[in-house]
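Taken together, the values in this text are just the output of simple stated rules run on the coordinates, not laboratory data. Model, not experiment: these values are computed from the prediction. Positions of Cβ are backbone-derived with ideal geometry, glycine not excepted, and every protein chain shown enters the neighbour counts.
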Amino acid sequence: MERASLIEWICVRASHRTIKPVDPSTPINLHEDGRWAYCPAGLGAEADHVWYATGGVTRAALARFRWPDEDEVSEGD
């Protein structure tokens, strides 16, 4: 699998985990660094995300991924 197709960032903002996206394709978007990112709420770049670097996972692997709590992630990530 190409590295470019992996999700490199996930948003771990607690409030974003409880919002269902309007369009199921919107949780996948581009992070500000140009790599793939995933926000469970499907919110765009203007939202108050807390990003966590995954090291590169597939969308299918997100179901098995241990998502850190928001307070485990430093704002500098």
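Summary table below
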{"read-out": "In segment 1-58, GluC sites (Glu not before Pro) in a DSSP loop with at most 10 other beta-carbon atoms within 10 Å", "value": "GLU2, GLU32, GLU46"}
{"read-out": "Positive-end residue, the chain charge dipole about Cα centroid, Cβ charges, pick of ALA61, TYR38, SER15", "value": "ALA61"}
{"read-out": "Qualifying trypsin sites (Lys or Arg not before Pro) in the chain, DSSP loop, other Cβ atoms within 10 Å at most 11", "value": "ARG64, ARG66"}
{"read-out": "ARG17/SER74 FRET efficiency (R0 25 Å; Cβ-Cβ; nearest 0.05)", "value": "0.85"}
{"read-out": "Dipole magnitude (debye, nearest 20) for the chain, charges at Cβ of Lys, Arg, Asp, Glu", "value": "480"}
{"read-out": "Table column - 3J(HN,Hα) (Hz), segment 52-60, Karplus curve with 6.51, -1.76, 1.60, x for Gly and Pro", "value": "10, 6, 8, x, x, 9, 7, 4, 4"}
{"read-out": "Percent of C-alpha pairs per 5 Å bin, the chain, short to long", "value": "3, 16, 30, 28, 17, 4, 0"}
{"read-out": "Linear extension gain, ARG64 paired with SER25, 0.36 nm per residue minus alpha-carbon span", "value": "12.1 nm"}
{"read-out": "Interchain or long-range residues, amide H under 5 Å from ARG35's placed H", "value": "none"}
